[in-house]
Structure formats: structure tokens, C-alpha cells
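Chemist: This is the structure I have questions about; it appears just below.
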Amino acid sequence: MSFSEESIITGSHLSYGDSCLLNNGQDISNLANDCILDFNPLEKTITAQSGITFDDLLKFLIPRGFFLPVTPGTKFVTLGGAIANDVHGKNHHVAGSFGNHVLEFKLAKSDGTSLICSATENAEYFRATIGGLGLTGAIEWAKFKLLPIKSSSIDAEQIKFNSLDEFFAINSDSKKYTYTVAWLDCLNGQSGVRGIYIRGNHSEKNNELVTHNDPLISIPELTAMPLVNNLTSKIFNILYYNKQVGSSLSAIQHYEPFFYPLDAILNWNLFYGRPGFMQFQCMIPFENLKSFEKLMDLIRNSGQGSFLSVLKTFGDIESPGLLSFPEEGITLCLDFPHLGEKTNSLFRAMEDIVVKANGKMYPAKDQTMKPESFKQFYPNWEKILPYKDPNLSSSFWKRVMEEK
Amino acid sequence: MSKVLILGITSAIAKEFARQNLDSELIILGRNENRTNDIRKDLENKGAKSVQSIAFDFCDFESMKRYVSSIEDSSIDQVLICFGTLTDQERAESDPDYALKEYQINFTSQMYFSNLIEQKIKESGTLAVVTSVAGDRGRKSNYYYGSAKGGMSLFLEGLRAKLSAKNINVLDIRPGFVDTPMTKDVPKNFLFAKPSKVASDISKAIISNKAILYTPFFWRWIMLLIRNIPRFIFHKMNI
């Protein structure tokens, strides 16, 4: 890989904001580098080029009885992107983030040199690159740990809750579940919060390994009209909350709809039309729960926000990444149709609450965080500077570093 | 086991074709040794029964002669020629030496190899070559590329007629826009096909002994239209 002018190395471009963009720079796509270089079922590891997607990895791993150790809510991310953003998933409370499962990788710098990085070799580069937003170099290949599975199904349970207290009660009762997450309706609750808590484990009951299919539906780019607005979101939320008739429901689900419900519709983001949407994801430490409630009130009163808001608690497993996002606390994730200044001002207010609550916002989702906020959220930002490649950058980085 | 020879394995289309033919005895040739080796590892990890990888410069005609003479006559079931570059039209117009080199990659080296490999292909085997829809009509925007591909298509047409006696099929593969490293600088639109789709179209066309494959299928009709636009209108168009 040669990047002699200012560049950004990209994969699937699935970060929501500008961390995968570089204005006036060269976008070097890594997608062609997708070979599986080594697979060791006894050691339970795999080594692959960083342009491979989790989609392709699953197609290879599932029939061979393995799953990814950590996966975000879409399987179309690349291995490089998963490392650069230190992605997390529904199992953070037991497994940490993706960076916790990376054993080593080869990093190429723009001066032509390359290094093998691991916890014991070039360890500073290892820690600067995990969650390092692609700023330290081009990851050529990476070796990571696999999770052995007997079944491609998940034993899943869905439980309705009508308050934050109820959420926490179910949550502390869910320690033996590998995967936990809650879908939240923050538009219709009278006060407080209601939603559906989802928890699951890899099935031991059904011993079949069935790989997922490719999506059938793809939204064409011609839909300029935003279909997602306050009214449709409210209606969707009411229908979604009420489709589960009982207060709790058990089912055996294939991994595809359990982990990747939105992947069924390619380009779902186009439902927001030309104005688009912004995503907000923050994390607030448990001791500042009051601030979290303030945040929920602010969002409900704004009347903005859409369906499929996500709530989860992070565990205490620390990532090796210096700029890693997940930390012990509660994380909230929402999409907001972009309504102009109304939305911008809501984001400023939400960021303000997160700053005062000693929380963090996630760069992979961000378009708005202020430079001072970034530096407060990620006090280790200065530590990665010696490892940053001079020819790599991103619009996100320039924004938070206040560079031109 | 079918013996399949693939030239230009680092092409996205060739790589996907190999991935879809893991049950065959694969011989993969690529110009870049490291990348060719990486693909061999990928194929082996995915269950390929037999893969041999060779680094090869397709414009090194002496090496090509030596390599082909080492192959046993009538021993190969399928040959896929899938290497090439997207010629920079503007540069070719002002630099005929560049244009000459491009012709060598996209046309004459492929002609040379086809000539040598002819007797190494089994009866009822296939010689498949990736040309392009660009070869269907000379257009002002890309006629250096188009003529190299079109010239190759004409060569294949004659070779097909000759080899029909030996029951060897000559497949002329004409892709439209494909999302690969070759088109990385071209803005993508809905017409762009995935390399895996093109590769599976090629596999099907080989099985059904097709002569000319347009992939995806709708390019056959687009090019029919383009070929029949009257010249005085065509000259005014910016395609």
C-alpha cells in the first residue's frame, strides 16, 4: 500500500460520521484485500487480510463451527474497521470489545516500513492502533481469537419493561446470558422509559450450523423523501412494543436476525431521505445515573428521535486500545432524522450532559463532538500522537484537533 | 478433477472465479508474487483440493514460451485469461509509446498466450478470455482500450471457428462495469456489477458452451443499442 499524499484507508464506510472520510485527501479502499491467510481450528484463531468483511468471515466460520468473538450490529464492517473502531457488541459485559480478542497484526506505515504488533511486540503501536481510527498506519492482516459454537441458533428471550428500574432489575438478573441489549421506545413513554429487553446464548438445544443468506431487499437511491419522521417513528415504536403480546417471550432465533436485524435491508439509511440522519451514542458511568435520566428526559421532551434506540450496560473488561470507547457504565444509542438547527441544538445539549456526567461519545458514530469534549472523553489522545502516521488522517481527526 | 489454468489471479473477477471452483485442480498465475501467494493461501484455507501458484509477467514472452512448453499436450480442461489494465485514453492520445504498451497488455500478450496454449487444451475443454463491452464499438472516450478488447474478440471469433473441430469452446467474456481495483477511480453507480456475480456467470457460460457472454446480461441489449446509433448522432454524443 502506498500513500505518499495525505490519505485515509477505508473499508465499508459504515462509520456514521466523518471518521471514515477525508476532505481533500485520498481515499484508499482496502476492500480488495480480503484473503484468509491462516485458519487454525485447534488454536481457535484465524488470520485474515483487513479488507475482509465480517459477512465473509461468518460465511467461512459458521460451517466450520465458529463465531466471531465480538460483533457490532452490522456484519458488513471490515476487519480493519473493527480494529480501528474497537467495535463492541451485545456481549461486552462478558467479552469486552473486539480489541480484547486481537492477537497480532501487521501495520504498514507510509514510509514503507511495516511492523508486527501484539501485546508483547511493538506493544505501544498495538495499543495506539486498536481504536486508533486508522491513524497509525495501514493494517495489512490481523490474527484474532474465535468462539467455538455447536449451533447457528441463539436461545433468545424478550422481556418488556416499563421503567429504568425494571430495566436494571432484569439486567442484574441476566448475568448468565452472553448477549444482552434493550430496545427502547423513548418517544411514547409517559415518563421514564419503556422497552424490550433482549437476552440470549448460543443454543445448545439445536445443533445445526446454518449460514445466513444475502439480503434480498435493497433500498434504491431514488427515495429522496424522508420516510422516517416523528409520526412514523412514534407509530413504529407503538407497533414494535406491542407486537410482543406477553410480558416475556422465549424463542430460538437464527444468529442473523438476532445480531443483524437491519442488515436485512441494504441501504436502510436511505429511508431518512436526502436530509439524512445523525446517530448519537454515549456512555455514562453508573455513578452518574441521574445524568442519564436527565438525558432521557431531554430526548423525550425534544420530540425528536426515531425508532430502534438501543440501551445496554458495559462490563468492566478493559480494552488494550488507548482510544477505546466502551467503559463500565450504561450506553445509549439513537438515530435522529436531521431537521436542521433543531437537531444540531439537541446534539449540543446532549453532549453537554455527557461532558458534565464524565461520560463519553463514540467517534465511530460522531459528527458533532467539540474538540474540548473529545479531549476530555479520551485523555489518552496525546499518547497516540507519536504513533500517528504523518500521511494518514480523517475529517474527524482534523475536526477534533482543530486542523485545517 | 478438472485442471483449470487462471492467468491474472489478482484480478477480482479471477479471484472470485477461483473461489467458486475449489473442486478443480487450480493453477493460478499472477504478476505480483506476494499477492498471488496470499490468494493461494485463501483458496487452500477455503478447501481447494489442489492449488499451484506461479508468479508471472505476462509480457515476458520468453518465459511464457518456456512455461507453456512444460505443460503436457491436451491436459488442461479450462483456461481463463483475466488480466488487463484500464487504458488512460487522454494519455494514450498524446503518448503513443504508452498506447503501445497498453495494447501489449490488453491484446497482443493475450493473443500470444492463446496461440501457445491451444494445443495444451483437452478436447471439449474451454479457452475463456475476458474482453469487454468496450470492444463492441469504437467510442471517442475509450477507443484505445476498446480496440485492444475488440481486436481480441475478433481473434477469438476466428479461433472459435477453427477449434470447433476439436470441440474446444472459445468463450468471449464481455463484462460491463465491474466493481474491482481496475475501476477504483471510477465513480460507482447502479450499473456496476460485483465480481462474484461476473465469476458465477462465467462458470455457467463455460458449462453451457456459450460463445459470447455479456455480464450482467443487460449489457447485450445496451450494446445492441449503442452499436446501432447512426454515426452522425453517435459523433455528437459524449460517450
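The values are calculated or read from the model by the stated rules, or taken from the named source; none is laboratory data. Just so it is clear, the model here is predicted, and its values are computed rather than measured. We place every Cβ from the backbone using ideal geometry, glycine too, and count neighbours over all the protein chains shown. For accessibility, only protein heavy atoms count, side chains too; no ligands or nucleic acids. Shrake-Rupley method; radii C 1.70, N 1.55, O 1.52, S 1.80 Å.
Chemist: Which of the lysines could a cross-linker span from A:Lys290 if the Cα-Cα distance has to be under 18 Å and same-chain partners fewer than 8 positions apart are dropped?
Modeler: A:Lys312, A:Lys356, A:Lys360
Chemist: While we're here: Show me the ranking of peptides A:268-275, B:180-187 by mean Cβ neighbours inside 10 Å, starting with the highest.
Modeler: Peptide ranking by packing, descending: A:268-275, B:180-187.
Chemist: Alpha carbons only, please: Rg and Dmax for segment B:68-221, in angstrom.
Modeler: Considering segment B:68-221 through its Cα atoms, Rg and Dmax are 15.8, 45 Å.
Chemist: First check a/c for segment A:280-324, with a ≥ b ≥ c the square roots of the eigenvalues of its C-alpha gyration tensor; if it is under 1.5, answer rounded, and if not, answer prolate when a/b is larger than b/c or oblate otherwise.
Modeler: Prolate shape, in that a/c is at least 1.5 and a/b is the bigger ratio.
Chemist: Given a cut-off of under 8 Å on Cα pairs at least six residues apart, what relative contact order in percent is computed for segment A:108-168?
Modeler: The value is 24 percent.
Chemist: Taking every alpha carbon pair in segment A:57-136, what does the distance histogram look like in 5 angstrom bins from 0, in percent?
Modeler: 3, 14, 23, 23, 18, 11, 6, 1, 0
Chemist: Work out from phi, with θ = phi - 60° and the Karplus expression 6.51 cos²θ - 1.76 cosθ + 1.60, the ³J(HN,Hα) of each residue of segment A:175-182, listed in order in whole Hz, and give x for Gly and Pro.
Modeler: In residue order, the calculated couplings are 4, 7, 9, 5, 10, 9, 6, 10 Hz.
Chemist: Let me ask you something else. Just subtract the alpha-carbon distance of A:Trp381 and A:Glu403 from 0.36 nm times their residue separation and send over the number in nm, one decimal.
Modeler: Taking A:Trp381 through A:Glu403 to full extension adds about 6.4 nm, to one decimal.
Chemist: Under a 1.4 angstrom probe, counting protein chains only, how are A:Phe161, A:Phe286 ranked by accessible area, largest first?
Modeler: A:Phe286, A:Phe161
Chemist: At 222 nm, what helix-only mean residue ellipticity would chain B give, in deg cm²/dmol to the nearest 500, using -39500 (n - 2.57) for each DSSP H run of four or more?
Modeler: One gets -12500 deg cm²/dmol as the mean residue ellipticity at 222 nm.
Chemist: Now a separate question. Take B:Gln20 and A:Lys150, extend 7 Å from each Cα along the Cα→Cβ direction, and tell me the distance between the two endpoints in nm.
Modeler: Placing both labels 7 Å along Cα→Cβ, they lie 3.7 nm apart.
Chemist: If you don't mind, there's one more thing I want to ask. Can you run phi through the Karplus equation (6.51, -1.76, 1.60; θ = phi - 60°) for segment A:205-219 and list ³J(HN,Hα) in whole Hz, with x for Gly and Pro?
Modeler: Listing the rounded values in order: 7, 10, 9, 10, 10, 10, 7, 5, 9, 6, x, 9, 9, 9, 6 Hz.
Chemist: Pop out the ³J(HN,Hα) list for segment B:62-70 in order, Karplus 6.51 cos²θ - 1.76 cosθ + 1.60 with θ = phi - 60°, rounded to Hz; leave Gly and Pro as x.
Modeler: Residue by residue, segment B:62-70 yields 5, 4, 4, 4, 4, 5, 5, 5, 7 Hz.
Chemist: With springs connecting C-alpha atoms under 10 Å apart, model chain A as a Gaussian network and identify which of A:Asp173, A:Asp366, A:Asp352 has the largest mean-square fluctuation.
Modeler: Ranking A:Asp173, A:Asp366, A:Asp352 by mean-square fluctuation puts A:Asp173 first.
Chemist: Let me ask another. Find which of A:Asn24, A:Ile196, A:Ile83 sits farthest along the positive direction of the dipole of chain A, computed with +1 on the beta-carbon of Lys and Arg, -1 on that of Asp and Glu, about the Cα centre.
Modeler: Result: A:Ile196, furthest along the dipole toward the positive end.
Chemist: Sticking with the crude label model, points 7 Å out along Cα→Cβ, report the distance from A:Ser250 to B:Ser75 in nm, one decimal please.
Modeler: So the label points at A:Ser250 and B:Ser75 sit 6.2 nm apart.
Chemist: Taking 29 Å as the cut-off for C-alpha to C-alpha distance, list the pairs among A:Lys106/B:Lys149; A:Lys106/B:Lys15; B:Lys149/B:Lys204; B:Lys3/B:Lys41; A:Lys75/B:Lys197 that go past it.
Modeler: Those over the limit are A:Lys106/B:Lys149.
Chemist: Taking each residue in B:38-47, count the Cβ atoms of any other chain within 10 Å of its Cβ, then average. What number comes out?
Modeler: 5
Chemist: Using amide H atoms built 1.01 Å from N in the peptide plane, name the residues 5+ places from B:Ser50, or on other chains, whose amide H lies under 5 Å from its own.
Modeler: B:Leu26
Chemist: On C-alpha positions alone, give me the angle between the axis of helix B:33-45 and the longest principal axis of chain B, in degrees, nearest 10.
Modeler: 60 degrees
Chemist: Another question, then. Pick from A:Asp34, A:Asp214, A:Asp185: which is most flexible by mean-square fluctuation in a GNM of chain A where alpha carbon atoms under 10 Å apart are linked?
Modeler: A:Asp214
Chemist: Looking at chain B as a GNM with Cα springs under 10 Å, which of B:Asp77, B:Asp136, B:Asp60 has the largest mean-square fluctuation?
Modeler: B:Asp60
Chemist: Which links in B:Lys122/B:Lys166; A:Lys143/A:Lys365; A:Lys143/B:Lys184; A:Lys160/A:Lys205 stretch past 20 Å when you go from one Cα to the other?
Modeler: The pairs that break the limit, which is 20 Å between Cα atoms, are A:Lys143/A:Lys365; A:Lys143/B:Lys184; A:Lys160/A:Lys205.
Chemist: Please compute the modelled spin-label separation between B:Leu225 and B:Asn167, points set 7 Å along Cα→Cβ, answer in nm with one decimal.
Modeler: The modelled label-to-label distance comes out at 4.1 nm.
Chemist: Taking Cα pairs under 8 Å and at least six residues apart, what relative contact order does chain A come out at, in percent?
Modeler: 21 percent
Chemist: What residues qualify as long-range amide H neighbours of A:Ile139, i.e. H under 5 Å apart, gap of 5 or more or another chain, H built at 1.01 Å from N?
Modeler: A:Ala108
Chemist: Continuing with the same structure: Using a Förster distance of 56 Å, how high is the FRET efficiency between B:His235 and B:Glu62, based on the Cβ-Cβ distance and rounded to 0.05?
Modeler: Once the sixth-power term is evaluated, E becomes 0.80.
Chemist: Moving on. Distances over 17 Å make up what percent of all Cα-Cα pairs in segment A:173-295?
Modeler: When all Cα pairs of segment A:173-295 are counted, 73 percent exceed 17 Å.
Chemist: Near the amide H of A:Thr71, under 5 Å away, which other amide H atoms are found, from residues 5 or more places off or on another chain, if H is placed in the peptide plane?
Modeler: Here A:Gly89, A:Lys90, A:Asn91 satisfy the definition.
Chemist: Also: How many Å³ per residue does the convex hull of the Cα positions in the protein assembly as shown occupy?
Modeler: Cα convex hull per residue, to the nearest whole number: 182 Å³.
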